[in-house]
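Right, one structure below, let's go through it.
The values are calculated or read from the model by the stated rules, or taken from the named source; none is laboratory data. This one's a predicted model, so the numbers in the text were calculated from it and none came from an experiment. Because the Cβ atoms are built from the backbone with ideal geometry, glycine has one as well, and the counts that use them run over all protein chains shown. With ligands, DNA and RNA removed, areas are computed over all heavy atoms of the protein, side chains included. Shrake-Rupley method; radii C 1.70, N 1.55, O 1.52, S 1.80 Å.
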Amino acid sequence: MYGDDATIRRILNELGDTWAVVGLSTNQNRIAYRVALVLQRYGKRIVPVHPRAETVHGERGYASLADIPFDVDVVDVFVNSELAGAVADEAVAKGARAVWFQLGVVDESAYERTRSAGLDMVMDRCPAIEFPLLG
């Protein structure tokens, strides 16, 4: 397990409300689209990050984390495991406070690098599932 309950609770409740959602596009069939709505329902500001830089759920999109002209607290990653490590490294460079890899996204070396850089990290979990479990 990559992310104990205390870490999950801290990321969801204490680390800030600006979540960059990497892989979020206007494709309503993608899980990122629905999870971003749940994040908004829980009071999070979502920032879509996708090569097309589309506006999603009323929020302006950016092509990369580096293009976002303001701080982000959490980077929520909806890309495959082979690409996720590079995104985690970009999150560290961006100054994020936490990285969240979605269900099925696992990169153990990225987890170690990100934790060593001082960020909280969760892998292979979904905030849309975890929020209701907090009670």
Quiz item: Accessible area per residue, 1.4 Å probe, Å², for the chain: what's the number?
Solution: 48 Å²
Quiz prompt | Inter-centroid distance (Cα atoms) of the stretch 108-125 relative to the stretch 43-89, Å | solution = 17 Å
Quiz item: How many percent of the alpha carbon pairs in the chain exceed a separation of 24 Å?
Solution: 18 percent
Quiz prompt | Whole-Hz ³J(HN,Hα) from phi, Karplus 6.51 cos²θ - 1.76 cosθ + 1.60, for the stretch 5-17, glycine and proline x | solution = 4, 5, 5, 4, 4, 4, 4, 6, 10, 10, 8, x, 10
Quiz item: Each residue of the stretch 29-46 in order: what ³J(HN,Hα) in whole Hz does its phi give by Karplus 6.51 cos²θ - 1.76 cosθ + 1.60, θ = phi - 60°, with x for Gly and Pro?
Solution: 7, 8, 4, 4, 4, 6, 5, 4, 4, 5, 4, 4, 4, 8, x, 8, 8, 9
Practice problem: Pull up the DSSP beta bridges for the stretch 13-86 and report the antiparallel fraction as a percent, rounded to 5. | Solution: 10 percent
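By how many nm would the segment from Gln40 to Thr26 grow when fully extended, if each residue of separation counts as 0.36 nm and the alpha-carbon distance is taken off?
Additional length available on full extension: 3.5 nm.
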Quiz item: So, counting K/R as plus one and D/E as minus one, what does the shell of residues with Cβ under 13 Å around Asn27 add up to?
Solution: +2
Practice problem: Run the quick spin-label model on Ser116 and Leu134: label points 7 Å from Cα toward the beta carbon, then report their separation in nm to one decimal. | Solution: 3.0 nm
Quiz item: Amide H to amide H under 5 Å from Arg45: which residues, 5+ apart in sequence or cross-chain, H placed 1.01 Å off N in plane?
Solution: Thr18, Trp19
Practice problem: For the chain, give the share of DSSP beta bridges that are antiparallel, in percent and rounded to the nearest 5; count only bridges with both residues there. | Solution: 10 percent
Self-check item: Theoretical FRET efficiency, 1/(1+(r/R0)^6), r = Cβ-Cβ of Asn80 and Arg60, R0 22 Å, to 0.05
Solution: 0.30
Quiz prompt | Calculated from backbone phi, Karplus (6.51, -1.76, 1.60) coupling profile of the stretch 100-110 in Hz, x at Gly/Pro | solution = 10, 8, 5, 3, x, 9, 9, 8, 4, 5, 5
Exercise. Would you kindly state the longest site-free stretch of the chain, with sites defined as trypsin sites (Lys or Arg not before Pro) in a DSSP loop (not H, G, I, E, B) surrounded by at most 15 other Cβ atoms within 10 Å?
Key: 61-135
